[in-house]
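A.B. asks: One structure follows; several queries about it will come next.
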Amino acid sequence: MVYTGRFAPSPTGDLHLGSLLAALGSWLEARAAGGRWLLRIDDLDTQRAAPASADRQQTQLARIGLVPDGRPLRQSTRGAAYAAALAQLEAAGLAYRCACSRSDLAARNGLHPERCIRPAREDGAFAWRLRVPKGLLGFDDHLQGRFALDLQREVGDFVLRRADGMWAYQLAVVVDDAASGITAVVRGADLLESTPRQILLQRLLGLPTPTYLHLPVLVDAAGCKLSKSQGAAAIPAHPVEALRSALALLGQRRAAVAPASDAASLLRSALALYDRSALPRKRTLVAPQSAPSPAPRTLDPLSTATRSAS
Ligand code: GLU
């Protein structure tokens, strides 16, 4: 089986240094294994996702030499595949309709009880939930080690489709990873706790389980995850500087200082020098206070200045 990895950003703003870690980490793992690297556009949330943002993210990636193999898959086009997976779970008696609201579940720490609290909603809408079995579900993360959750006690019956019709990330990611033949998931450790849910869905749907490697997430000095919408820790304007920052954060010290005139040659060195054992085995990393390149600090993929520089 050909190693197939992916990077799956939500198009809710420009990529920041934290997103670049996941992009570069997944690219290095894929290329070091002689495998393929795909891009997926996680635009399920049509309220927050902006089509222009997906284009800008691809431009940002291309400027530093991260070009996917093939056209990106867009989650917003995948409703039929998610509906088929939900129908399969329903037919097996594993999914049920639920009219409970968030406030109904608030007193129970958000955990859904065995039977719904609310029989129906006034507008007739309902969500779909998965019937979660008892027991621990664990996996061996290639960086973080063993990680297990008692899904029934700690997560409860989780939502597959919301009452407003939006597909849940957990279902979409499992269906899409399988459809794209993803064999290895490399992403931020903020998703570590989602992984047992995804493995459970893979098992119930009869889909293969990829390997997992969760990279540390960049946080600010207060310990909060950087968010695209806050514009924090922008990617250094110069592609080579951007790569050097990301390589240093990934523990690739020799690659981070390798001589290079452009992003393509630095990426080649990074691949030749890639050392998985040097990846930081942490869930979080504090973002550098300031980007190492001089002003302008932010990468604007659409400005003429940055275009002519590339
Ligand atoms: N779209 C998700 C995010 O931006 C990542 C999905 C994944 O890697 O599984 O956080």
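A.B. asks: Can you tell me how many residues in segment 60-107 are in a helix (DSSP H, G or I), touching a Leu at 6+ places or on another chain (Cβ under 9 Å) and over 15 Å from D176 (Cα atoms)?
C.D. replies: 6
A.B. asks: Condition first: touching a helix residue (DSSP H, G or I) at 6+ places or on another chain (Cβ under 9 Å) and within 11 Å of the ligand (Cβ to nearest atom). Now tell me which residues in segment 193-212 satisfy that.
C.D. replies: If we filter segment 193-212 for residues that are touching a helix residue (DSSP H, G or I) at 6+ places or on another chain (Cβ under 9 Å), which is where we start, we get 193-194, 196-202, 204-210, 212.
The answer is S194, Q198, P210, Y212.
A.B. asks: Something else: Could you look through segment 5-20, keep only residues that are of a type in the set (S, T, Y) and touching a strand residue (DSSP E or B) at 6+ places or on another chain (Cβ under 9 Å), and pick out the one that is farthest from the ligand (Cβ to nearest atom)?
C.D. replies: So the residue we want is S19.
A.B. asks: Six or more apart or on different chains, Cβ atoms under 7 Å: show the pairs whose first residue is in segment 174-192 and open to solvent by 30 Å² or more (accessible area, probe 1.4 Å) and whose second is more than 11 Å from the ligand (Cβ to nearest atom) and assigned to a helix (DSSP H, G or I).
C.D. replies: A179/A81
A.B. asks: List pairs: first residue in segment 120-148 and closer than 21 Å to G110 by Cα, second residue of a type in the set (K, R) anywhere in the structure, Cβ distance under 6 angstrom, at least six positions apart or on different chains.
C.D. replies: Note: pairs meeting the criteria are F126/R97; A127/R162; W128/R161.
A.B. asks: Could you check how many residues of segment 234-284 are of a type in the set (V, I, T) and assigned to a loop (DSSP other than H, G, I, E, B)?
C.D. replies: Number satisfying all stated conditions: 2.
A.B. asks: Look at segment 15-27 and say how many of its residues are touching a Gly at 6+ places or on another chain (Cβ under 8 Å) and open to solvent by 10 Å² or more (accessible area, probe 1.4 Å).
C.D. replies: Step one: of segment 15-27, the residues touching a Gly at 6+ places or on another chain (Cβ under 8 Å) are 16, 18, 21-22, 26-27.
Now drop any that are not open to solvent by 10 Å² or more (accessible area, probe 1.4 Å), which leaves 16, 18, 22, 27.
Looking only at that region, the number is 4.
A.B. asks: Within the bounds of segment 64-75, is there any residue that is of a type outside the set (D, E, K, R), touching a helix residue (DSSP H, G or I) at 6+ places or on another chain (Cβ under 8 Å), surrounded by 17 or more Cβ atoms within 10 Å (Cβ to Cβ) and on the phi > 0 side of the Ramachandran plot?
C.D. replies: So far as segment 64-75 goes, yes, one or more of its residues are of a type outside the set (D, E, K, R), touching a helix residue (DSSP H, G or I) at 6+ places or on another chain (Cβ under 8 Å), surrounded by 17 or more Cβ atoms within 10 Å (Cβ to Cβ) and on the phi > 0 side of the Ramachandran plot.
A.B. asks: Taking only segment 228-237 into account, find how many residues are in contact with a strand residue (DSSP E or B) (Cβ under 8 Å, 6 or more places away or on another chain) and either closer than 17 Å to G25 by Cα or surrounded by fewer than 17 Cβ atoms within 10 Å (Cβ to Cβ) (or both). I'd like the intermediate steps shown before the answer.
C.D. replies: From segment 228-237, those in contact with a strand residue (DSSP E or B) (Cβ under 8 Å, 6 or more places away or on another chain) are 228, 231-235; that's our starting set.
Cutting the leftovers down to either closer than 17 Å to G25 by Cα or surrounded by fewer than 17 Cβ atoms within 10 Å (Cβ to Cβ) (or both) gives us 231, 235.
Total meeting the criteria: 2.
A.B. asks: I'm trying to understand the selection: among the residues of segment 28-47, which are away from the ligand (no atom under 11 Å from the Cβ) and open to solvent by 20 Å² or more (accessible area, probe 1.4 Å)?
C.D. replies: R31, A32, A33, G34, R36, L38, T46, Q47
For (1) open to solvent by less than 10 Å² (accessible area, probe 1.4 Å); (2) in contact (Cβ under 8 Å) with a residue 24 or more places away in the chain; (3) more than 19 Å from the chain's Cα centre (by Cα), each residue gets a yes or a no:
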| residue | (1), (2), (3) |
| --- | --- |
| P196 | yes, yes, no |
| L204 | no, yes, yes |
| T209 | no, yes, no |
| A246 | yes, yes, no |
| D275 | no, yes, yes |
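A.B. asks: Here is a further query. If you scan segment 175-192, which residues turn out to be in contact with a helix residue (DSSP H, G or I) (Cβ under 6 Å, 6 or more places away or on another chain) and within 9 Å of the ligand (Cβ to nearest atom)?
C.D. replies: Going through segment 175-192, the residues in contact with a helix residue (DSSP H, G or I) (Cβ under 6 Å, 6 or more places away or on another chain) turn out to be 175, 186-188.
Listed by number, the residues that qualify are V186, R187, G188.
The values are calculated or read from the model by the stated rules, or taken from the named source; none is laboratory data. What you see is a predicted model; the values in this text were computed from it and never measured. When we count neighbours, we look across all protein chains shown, and the Cβ atoms used for this are built from the backbone with ideal geometry, even at glycine. For the accessible areas, the whole protein counts, side chains as well, though only heavy atoms, and no ligand, DNA or RNA atoms are used. Shrake-Rupley method; radii C 1.70, N 1.55, O 1.52, S 1.80 Å.
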